[in-house]
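Beneath this line is the structure, given in structure tokens, with notes to follow.
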Amino acid sequence: MFRVVVSYPNTPGSRFDMDYYLNKHTPLVLEKLKPHGLTDVNVDQGIGGGTPGSPAQYQVQAYLNFPTAEQLQAGMAAAGASLMADLKNFTDVRPNIQISKVIR
């Protein structure tokens with residue numbers, strides 16, 4: 001399995017509309033990427049860092065899973081630009097994106 005991890009930094013003063021993200025952006029991700037093999041999307045909301053009382057490094061992290069690297073690449077090629085264009089509707093931070101091979 002291959003995974004795209006989209007991490008939104010917890011930048012002081014930044015804007016993140018969780019309602020829009022969950023109810024509009026995530027369904028858009030599913031609509032655009034399921035035809036390319038997306039199997040599921042998980043969303044984590046950061047609540048704290050490793051040290052008690054410290055802030056979370058990321059306010060939100062999303063995990064998009066694909067069976068193969070080829071499906072992931074095809075999905076990103078087909079829909080990546082339109083998904084990135086939707087960012088302005090829910091946040092003013094630039095996400096960090098990592099592609100991983102799930103080994104366990």
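The values are calculated or read from the model by the stated rules, or taken from the named source; none is laboratory data. As the structure is a computational prediction, the values presented were derived from the model and not from experiment. In this analysis, Cβ positions are derived from the backbone assuming ideal geometry, glycine residues included, and neighbour counts consider all displayed protein chains.
Pull out all pairs, ordered by first then second residue, where Cβ-Cβ is under 8 Å, the residues are six or more apart or on different chains, the first lies in region 30-48 and is more than 19 Å from Ala69 (Cα to Cα), and the second is part of a strand (DSSP E or B) and among the polar types (S, T, N, Q).
Filtered contacts from region 30-48: Val43/Gln61; Asp44/Gln61; Gln45/Gln59; Gly46/Gln59; Gly46/Gln61.
Would you confirm, using the coordinates I've provided, whether Ala74 is outside any loop (DSSP other than H, G, I, E, B), more than 14 Å from the chain's Cα centre (by Cα), crowded, with 16+ Cβ neighbours inside 10 Å and at pLDDT 95 or above? Give the steps one after another, and end with the answer.
Details: outside any loop (DSSP other than H, G, I, E, B): yes; more than 14 Å from the chain's Cα centre (by Cα): yes; crowded, with 16+ Cβ neighbours inside 10 Å: yes; at pLDDT 95 or above: yes.
Spelling it out, Ala74 is indeed outside any loop (DSSP other than H, G, I, E, B), more than 14 Å from the chain's Cα centre (by Cα), crowded, with 16+ Cβ neighbours inside 10 Å and at pLDDT 95 or above.
Just the residues that are in a loop (DSSP other than H, G, I, E, B) and aliphatic (A, V, I, L, M), please, taken from region 42-57.
At the first step, the residues of region 42-57 found to be in a loop (DSSP other than H, G, I, E, B) are 46-57.
Result: Ile47, Ala56.
Given the options Val60, Val93, name the one that is assigned to a loop (DSSP other than H, G, I, E, B), in contact (Cβ under 8 Å) with a residue 24 or more places away in the chain and either closer than 21 Å to Lys24 by Cα or in contact with a Pro (Cβ under 6 Å, 6 or more places away or on another chain) (or both). Spell out the reasoning first.
Working: Val60 fails: assigned to a loop (DSSP other than H, G, I, E, B).
One residue alone meets the criteria, Val93.
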